[in-house]
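Student: I am attaching a structure below and will ask some questions about it afterwards.
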Amino acid sequence: MLKKTPLGQVLGLGSAKAGTEHWWRQRVTAIAGIPLVVFLIGYLLMHRGASRAEIVASMHNPMVAILMGLTILNLVWHMRLGLQVVIEDYVRTGHTKYALMLLNTFFAWVMALAGVYAILKMSFGL
């Protein structure tokens, strides 16, 4: 027996009004992550044993820098979405849940900014 209103059934919205959208975002970031992680693994294998100067020189290629940036942003976003589901499902206390959600978002932003900064620093010497 469904416990949704007729409008909720048509729109596909759950009690939080964003469940379907969140589910799709997780799937899209997972699918987008496949070629990006394949690129990252290939890059790491190709540069195994390379010196720091060789790594920095390879990051001067705009395509490598863009793909690295996209990989970092996609993986951090996917991580944030996944951890959000864990927090929503398993943390019962309202204040704790709210604090963990803020910490999750803050941590994701810090990781994304640190990764993009590292890429910019290696690519452009900023």
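Student: Every residue in the stretch 76-107 that is among the aliphatic types (A, V, I, L, M) and surrounded by fewer than 13 Cβ atoms within 10 Å (Cβ to Cβ), please.
Tutor: V86, L102, L103
Student: Search the stretch 46-61 for residues being without any contact (Cβ under 8 Å) to a residue 24 or more places away in the chain and not in a loop (DSSP other than H, G, I, E, B), and hand back the single one that is least open to solvent (accessible area, probe 1.4 Å).
Tutor: Once the filter is applied, the top-ranked residue is S58.
Student: Quick one: what pairs do we get from the stretch 77-105, first residue within 14 Å of A30 (Cβ to Cβ), second at pLDDT 95 or above and exposed (fewer than 14 other Cβ atoms within 10 Å of the Cβ), C-beta under 8 Å, 6+ apart or different chains?
Tutor: H78/A30; R80/T105
Student: Now, a different point. Looking at the stretch 69-108 only, could you name the residues that are of a type in the set (S, T, Y) and touching a Leu at 6+ places or on another chain (Cβ under 6 Å)?
Tutor: T71
Student: Is at least one residue of the stretch 118-125 without any contact (Cβ under 8 Å) to a residue 24 or more places away in the chain and either part of a loop (DSSP other than H, G, I, E, B) or open to solvent by less than 60 Å² (accessible area, probe 1.4 Å) (or both)?
Tutor: yes
Student: Go through the stretch 108-117 and give me each residue that's free of Cβ contacts under 8 Å to residues at least 12 places away in the same chain, open to solvent by 80 Å² or more (accessible area, probe 1.4 Å) and more than 17 Å from S58 (Cα to Cα).
Tutor: Once the filter is applied, which keeps residues that are free of Cβ contacts under 8 Å to residues at least 12 places away in the same chain, open to solvent by 80 Å² or more (accessible area, probe 1.4 Å) and more than 17 Å from S58 (Cα to Cα), the stretch 108-117 yields W109, L113.
Student: Can you pull out every residue in the stretch 1-55 that is at pLDDT below 90, under 24 Å from the mean Cα position of the chain (by Cα) and charged (D, E, K, R)?
Tutor: Listed by number, the residues that qualify are K17, E21.
The values are calculated or read from the model by the stated rules, or taken from the named source; none is laboratory data. These numbers come from a predicted model, not from an experiment. Cβ coordinates were reconstructed from backbone atoms using ideal geometry, including for glycine residues, and neighbour counts include every protein chain displayed. For the accessible areas, the whole protein counts, side chains as well, though only heavy atoms, and no ligand, DNA or RNA atoms are used. Shrake-Rupley method; radii C 1.70, N 1.55, O 1.52, S 1.80 Å.
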